[in-house]
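Here is the structure we will look at, set down as structure tokens.
The values are calculated or read from the model by the stated rules, or taken from the named source; none is laboratory data. The structure presented is a predicted model; accordingly, all values stated were derived computationally and were not measured. Note that each Cβ is placed from the backbone with ideal geometry, even for glycine, and that neighbours are counted across all protein chains shown. We work out accessible area using only protein heavy atoms, side chains counted, and drop any ligands, DNA or RNA first. Shrake-Rupley method; radii C 1.70, N 1.55, O 1.52, S 1.80 Å.
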Amino acid sequence: AASKRKIELKSKPVKALLDIGTGSGRLLRLLAPWVTEAIGIDNSRDMLSIARARLNQEGLRNCQVRIGDMYRLSFSPDFFDMVTMNSLLRYAEKPKNVLAEAARVLKPGGQILIIDFTAHELSELREEYGHRWLGFSELEMEELILAEELTMIRSDLIKGNTLTVCVWLAEKQAIASP
């Protein structure tokens, strides 16, 4: 049910999208019809092989994947219209640094979409799945976003049986015209 939920991201077209921690490329495949070009990065060659195969199978020529480091993105500042992170920050040793890199490569007026768990107490997820963070509270995420001089646009909760996922949308301040 949650995957069928419509979440409006932007009113203007997205020319260049970056999906950090793309994994199997699920977000790339979902957003491909609405973007001119999308790049997914991940540090796992195995996951990138899966993503590449799925993108090719679906004929999504506007999407590509490559090896990358979420702490040191190999892109120029102010390059992307949108940056996405799906189920990524819970694995990051330093989520603030990941968000700082995402904000660096985001164009003024661009948006960052973060999808992750809200704060929870399921500490077994650390051992079973390697989660470094047990989700993020609204306040924690807002502080992370504001620290990068981004503006929180909205947050939507998707409640599950055990865990709640939040979709946070933030925007980089546009440069004012003289």
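How about segment 135-178: which of its residues are in contact with a helix residue (DSSP H, G or I) (Cβ under 8 Å, 6 or more places away or on another chain), touching a residue at least 40 places away in the same chain (Cβ under 8 Å) and of a type outside the set (Gly, Ala, Ser)?
Within segment 135-178, 136, 144, 145, 148, 149, 150, 158, 165, 166, 168, 172 meet the criteria.
Go through (1) assigned to a strand (DSSP E or B); (2) surrounded by fewer than 19 Cβ atoms within 10 Å (Cβ to Cβ) one by one and return the number of the condition residue 126 breaks.
(1)
Quick one: count up the residues across segment 87-131 that are touching a Leu at 6+ places or on another chain (Cβ under 9 Å) and basic (Lys, Arg).
Residues meeting the conditions: 4.
Can you say whether residue 113 is under 15 Å from residue 21 (Cα atoms) and either among the basic types (Lys, Arg) or in contact with a helix residue (DSSP H, G or I) (Cβ under 7 Å, 6 or more places away or on another chain) (or both), as far as the supplied structure shows?
In short, no.
Please determine, by comparing only the residues of segment 53-91 that are free of Cβ contacts under 8 Å to residues at least 60 places away in the same chain and buried (at least 20 other Cβ atoms within 10 Å of the Cβ), which one is nearest to the chain's Cα centre (by Cα).
Out of the qualifying residues, it is 89.
Of (1) among the small types (Gly, Ala, Ser); (2) open to solvent by less than 70 Å² (accessible area, probe 1.4 Å); (3) within 22 Å of residue 24 (Cβ to Cβ), residue 103 satisfies all except one. Which?
Here residue 103 meets the rest and fails (3).
I'd like the full set of residues that are open to solvent by 80 Å² or more (accessible area, probe 1.4 Å) and within 16 Å of residue 88 (Cβ to Cβ), limited to segment 129-139.
129, 132, 133
Collect the residues in segment 21-52 that are open to solvent by 20 Å² or more (accessible area, probe 1.4 Å), touching a helix residue (DSSP H, G or I) at 6+ places or on another chain (Cβ under 8 Å) and farther than 21 Å from residue 90 by Cα, keeping them in residue-number order.
Once the filter is applied, which keeps residues that are open to solvent by 20 Å² or more (accessible area, probe 1.4 Å), touching a helix residue (DSSP H, G or I) at 6+ places or on another chain (Cβ under 8 Å) and farther than 21 Å from residue 90 by Cα, segment 21-52 yields only 29.
If we keep just the residues of segment 144-178 that are at pLDDT 90 or above and charged (D, E, K, R), which is farthest from residue 105 (Cα to Cα)?
Per the criteria, the residue is 159.
Could you check segment 141-178 and list, in sequence order, the residues that are assigned to a loop (DSSP other than H, G, I, E, B) and open to solvent by less than 80 Å² (accessible area, probe 1.4 Å)?
148, 160, 163, 174
Within segment 66-105, can you find the residues that are touching an Asp or Glu at 6+ places or on another chain (Cβ under 7 Å) and either of a type in the set (Phe, Trp, Tyr) or over 24 Å from residue 133 (Cα atoms) (or both)?
Correct list: 71 only.
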